[in-house]
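Engineer: Dumping the structure here so I can ask a few things about it.
The values are calculated or read from the model by the stated rules, or taken from the named source; none is laboratory data. Here the structure is a predicted model, which means the values were calculated and not measured. With ideal geometry, Cβ positions are generated from the backbone for all residues, glycine too; neighbour counts draw on all protein chains shown.
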């Protein structure tokens, strides 16, 4: 590093960087030469001789251009060509940061340093490609001039050149990235720490993740094996068994692998050692400042979280010290302050409980002819039970009841993680078994504790066929009201988040509902409730109560069950959370109208479907389902005025449907009423912050309004939710090209 900083001080920082990383190009050239020539069976000696002769000038030209771009002429007052490079050179003559740098310049410098590995890597790729092109051009001119040119000769050279350039691009580009990242680590950390000291919150920049880096080494291994195999095959073809080239190539491959692996592992180990050091600093009350900052997504997120935690701990310690000084004055003040802090903690727990309960849907709205009734009682302020309802694909509804092991804050955190995971899985899947598999894997990857959860999930289609799966949860009950019997619904399936092998154990089954049938989902807080005599309420008693009260209305039905449990428990302490979700299939003539309209729509008879729904609404006034479906079909026939009319009437009766706000926002967008479009789409996202379609629509609204920065912010948010979203990826690329 002394030599690097010597060059940086004498010429420029970015030139010193380009000078050191050029050695990766030589390594790539060796690989490219061996791989290209190993597949060449004719003109080998001629082409090899010409390439060796032309290589110096063809390497020199791109190298000089690379150096000029990165500031080799800085001593002659000719700066680097890119603004970001000039910013770096202006503020880092050596390894010391210019002390009088302003806040805005400092932020720009940090961004420039963070992007520098990618910029240098792209430059390496471009100049490596230019080198190959120059060899082809000079070779062509040389042989045309000498009268020895032949199309076959050029074809062979082009084949060799293409292979060689591809290898150089891969190896030179990635080695340049790795070396640049390591060399600039100290300067990035210096800028970031200075921003942090100035109170400027700056999330660490990231470029790649560890998976990409390790994939590069796999590619390197494949290239090495292919080349070695080709060299051996070439020897067999010529019946020459001189393995000198192969042995030399093996040596070069091993050295290159060691070289690159050294830089990669060194980078990772340095970050890990830094984390260990910073953790020690935090534990002893010191200030957490990273001397190295990773550009890897995984490490960067951890570093940022540690810094935030350290800042909170430091502030908390300062506050505590101040409070202790005050408390030593009078004992009564200490006691009063302790009482005040206890009240504050209790309020925070109360708030945490309110927040946790707010993520539960509360009462579940009717869906087609299904009615729902929910009862939730937490043992503590923060519970481990949760339930949720999801709109699945193909017009299906998903209902979940789950129970996290343990109670209190740990259970609440796992509950939140599980809710997010189920929500993401339900966006893509409609099979309970596959949803369990997805969530199990997600929990295993992100929850590194011994916590797990049991769950029962069922999916209902519009024909009232229920597909269900059980992950070691309480069996659901199917109450056949008219037949006067209770069936248990159950499948195989281990806990979620316990072991990866659980994915193979999940099963699903199906059952058809009849009018009057009820399904009861619940947690073990009901059958395992105990009275003062330590007797359990039991599943048998629960089923008896369910069957005995089968003719009650759904709300009275769930009320009676909870009251019976509470009567049984009496004055005994509650030992577990209680969750009860009951659903009943009831006759609703409006749903028949909706189904008939749906069949017409499937036949592309949208206007007949609308007429059917209009007549249905005339007969069943104020029916929300009919209004909602009318809005959807009017949108399909581009009658946006009618869409807005019906969706507004629907929202007046139901303000919890994110899709209703989405449809209204889309209609206003088509009518170019962007203000109302934004209001409706904002409401949709408020109900579900992860609703990708609403984010896309809102981003397009801002794009239409010419508010590029807002549009870009929403498209980037979409990519954080759905990295494979093609619309967002395209729009982000286009918007970043525009000046803001």
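Engineer: Can you find a residue in segment 72-80 that is within 25 Å of residue 9 (Cα to Cα), modelled with pLDDT of 85 or more, within 36 Å of the chain's Cα centre (by Cα) and in the same structural domain as residue 16 (by TED's automatic domain parsing)?
Structural biologist: Looking for residues that are within 25 Å of residue 9 (Cα to Cα), modelled with pLDDT of 85 or more, within 36 Å of the chain's Cα centre (by Cα) and in the same structural domain as residue 16 (by TED's automatic domain parsing), one finds none in segment 72-80, hence no.
Engineer: So residue 14 passes all but one of these: (1) over 19 Å from residue 182 (Cα atoms); (2) modelled with pLDDT of 85 or more; (3) in a helix (DSSP H, G or I); (4) touching a helix residue (DSSP H, G or I) at 6+ places or on another chain (Cβ under 9 Å). Which condition number does it fail?
Structural biologist: Unmet for residue 14, out of (1) over 19 Å from residue 182 (Cα atoms); (2) modelled with pLDDT of 85 or more; (3) in a helix (DSSP H, G or I); (4) touching a helix residue (DSSP H, G or I) at 6+ places or on another chain (Cβ under 9 Å): (1).
Engineer: Right, something else. Go through (1) in a loop (DSSP other than H, G, I, E, B); (2) under 24 Å from residue 397 (Cα atoms) one by one and return the number of the condition residue 724 breaks.
Structural biologist: It is condition (2) that residue 724 fails.
Engineer: Tell me which of these residue 637 doesn't satisfy, since it passes every other one: (1) under 17 Å from residue 391 (Cβ atoms); (2) without any contact (Cβ under 8 Å) to a residue 40 or more places away in the chain.
Structural biologist: (1)
Engineer: Being assigned to a loop (DSSP other than H, G, I, E, B), surrounded by 14 or more Cβ atoms within 10 Å (Cβ to Cβ) and either modelled with pLDDT of 80 or more or under 44 Å from the mean Cα position of the chain (by Cα) (or both): is that true of residue 95 here? Step through it out loud before you land on a result.
Structural biologist: Details: assigned to a loop (DSSP other than H, G, I, E, B): yes; surrounded by 14 or more Cβ atoms within 10 Å (Cβ to Cβ): yes; either modelled with pLDDT of 80 or more or under 44 Å from the mean Cα position of the chain (by Cα) (or both): yes.
When the stated conditions are applied, residue 95 passes them.
Engineer: Okay, moving on. Is segment 500-507 home to any residue that is over 31 Å from the mean Cα position of the chain (by Cα) and at pLDDT 95 or above?
Structural biologist: No; the residues of segment 500-507 include none that is over 31 Å from the mean Cα position of the chain (by Cα) and at pLDDT 95 or above.
Engineer: Just to be sure, is residue 622 farther than 21 Å from residue 395 by Cα, exposed (fewer than 14 other Cβ atoms within 10 Å of the Cβ) and over 33 Å from the mean Cα position of the chain (by Cα)?
Structural biologist: Values: farther than 21 Å from residue 395 by Cα: yes; exposed (fewer than 14 other Cβ atoms within 10 Å of the Cβ): yes; over 33 Å from the mean Cα position of the chain (by Cα): yes.
Answer is yes for this residue.
Engineer: Can you tell me which residue within segment 68-82, out of those that are part of a helix (DSSP H, G or I) and out of contact with any helix residue (DSSP H, G or I) (no Cβ under 8 Å at 6 or more places or on another chain), is surrounded by the fewest Cβ atoms within 10 Å (Cβ to Cβ)?
Structural biologist: 76
Engineer: Looking only at segment 601-624, count how many residues are in contact with a helix residue (DSSP H, G or I) (Cβ under 6 Å, 6 or more places away or on another chain) and under 17 Å from residue 642 (Cβ atoms). Walk me through it before giving the result.
Structural biologist: To start, the set of residues in segment 601-624 that are in contact with a helix residue (DSSP H, G or I) (Cβ under 6 Å, 6 or more places away or on another chain) comprises 601, 606, 608-610, 612-613, 616-617, 620, 623-624.
With the extra rule that they be under 17 Å from residue 642 (Cβ atoms), the set shrinks to 601, 606, 608-610, 612-613, 616-617, 623-624.
Selection size over segment 601-624: 11.
Engineer: Let me ask something additional. Failed condition for residue 736, given (1) modelled with pLDDT under 85; (2) not in a helix (DSSP H, G or I), with all others met?
Structural biologist: (2)
Engineer: Assigned to a strand (DSSP E or B), in contact with a strand residue (DSSP E or B) (Cβ under 6 Å, 6 or more places away or on another chain), in the same structural domain as residue 551 (by TED's automatic domain parsing) and at pLDDT below 90: does that describe residue 386?
Structural biologist: When the stated conditions are applied, residue 386 passes them.
Engineer: Another question, if that's okay. Going by the structure shown, is residue 596 without any contact (Cβ under 8 Å) to a residue 24 or more places away in the chain, surrounded by 14 or more Cβ atoms within 10 Å (Cβ to Cβ) and touching a helix residue (DSSP H, G or I) at 6+ places or on another chain (Cβ under 9 Å)?
Structural biologist: The answer is yes for residue 596.
Engineer: Do we find that residue 106 is buried (at least 17 other Cβ atoms within 10 Å of the Cβ) and touching a strand residue (DSSP E or B) at 6+ places or on another chain (Cβ under 9 Å) in this structure?
Structural biologist: The answer is yes for residue 106.
Engineer: What about residue 157, is it touching a helix residue (DSSP H, G or I) at 6+ places or on another chain (Cβ under 8 Å) and at pLDDT below 70?
Structural biologist: yes
Engineer: Name the helices (runs of 4 or more DSSP H) wholly within segment 641-708 that hold at least 2 residues that are within 20 Å of residue 728 (Cβ to Cβ) and free of Cβ contacts under 8 Å to residues at least 24 places away in the same chain?
Structural biologist: By residue number, 674-687.
Engineer: Taking the condition of being surrounded by 14 or more Cβ atoms within 10 Å (Cβ to Cβ) and either outside the structural domain of residue 479 (by TED's automatic domain parsing) or touching a residue at least 12 places away in the same chain (Cβ under 8 Å) (or both), how many residues in segment 500-541 meet it?
Structural biologist: Count: 28.
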